[in-house]
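Taking it in order: structure first as structure tokens, then the write-up.
Throughout, read-outs are computed from the coordinates displayed, never taken from laboratory work. Just so you know, these numbers come straight off a predicted model, no measurement behind them. Quick reminder, even Gly has a Cβ in these numbers, built from the backbone with ideal geometry, and neighbours come from all protein chains shown.
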Amino acid sequence: MDLPSDLRYAPSHEWLRVEPAGSVLVGITDFAQNALGDLVYVELPEVGRQVAAEAVIAVIESVKAASDIYAPLAGRVVAVNDALRDEPDRINREPYAAWLFRLQPEQPADVGRLLDAAAYQALIDTEK
């Protein structure tokens, strides 16, 4: 399983990539997409929506089940990946390229509270 070292990870299996302008891209991890199976639908948040950290922000449905996606940080949604509406299975093929939404964090320093790749690997090792 691929775990890019330049990302941060939430215990709820979202990844986060800090962009040069300070916003963050958020998606689900390879571990999460593998557990869900073939994805068939993505419900993305509305641009402009304010969210609290750990609040449900999106929903992903697979042939197995629906799963809530949580905001790893408090902030405002500034963009969504509309291409996933027509091609949700791209997340299965490219989980670290198929971002779900871009968030402008309220407190950018909160990124440091999330897991690095080694800590996330340790977490998923306990869930296998």
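Hey, if you drop one equal point scatterer on each alpha-carbon of the range 12-106 and run the Debye formula without solvent, what base-10 log of I(q)/I(0) do you get at q = 0.25, 0.26 Å⁻¹? Debye curve over Cα of the range 12-106, log10 I(q)/I(0) at q = 0.25, 0.26 Å⁻¹: -1.38, -1.48.
Dipole check for the range 12-106: with +1 at the C-beta of Lys and Arg, -1 at the C-beta of Asp and Glu, and the Cα centre as origin, the magnitude is about 180 Debye. Taking GluC sites (Glu not before Pro) across the range 27-127, the ones in a DSSP loop with at most 13 further Cβ atoms lying within 10 angstrom of their Cβ are Glu46.
Per-residue Cβ neighbour counts within 10 Å put Thr29, Thr126 in the sequence Thr126, Thr29, beginning with the fewest.
Between Ala74 and Ala119, what FRET efficiency follows from the Cβ-Cβ distance if R0 is 30 Å, with the result rounded to 0.05?
On the way: r = 21 Å, r/R0 = 0.70.
That pair, Ala74 with Ala119, gives E of 0.90.
Rounded to the nearest 0.05, what FRET efficiency do Thr126 and Asn92 have when you use their Cβ-Cβ distance and R0 = 25 Å?
Details: r = 24 Å, r/R0 = 0.95.
E(calc), rounded to 0.05, equals 0.55.
Between Ala83 and Gln50, what FRET efficiency comes out of the Förster formula 1/(1 + (r/R0)^6) with R0 = 30 Å and r the beta carbon distance, rounded to 0.05? Can you show the working numbers first?
Numbers: r = 24 Å, r/R0 = 0.81.
Given R0 = 30 Å and the Cβ-Cβ separation, E is 0.80.
Simple spin-label estimate for Tyr41 and Lys64 gives 1.8 nm between the two label positions (7 Å along the Cα-to-Cβ direction from each Cα). What you get for the range 1-47, charging only the Cβ of Lys and Arg (+1) and of Asp and Glu (-1), is a dipole of about 160 debye around the Cα centre.
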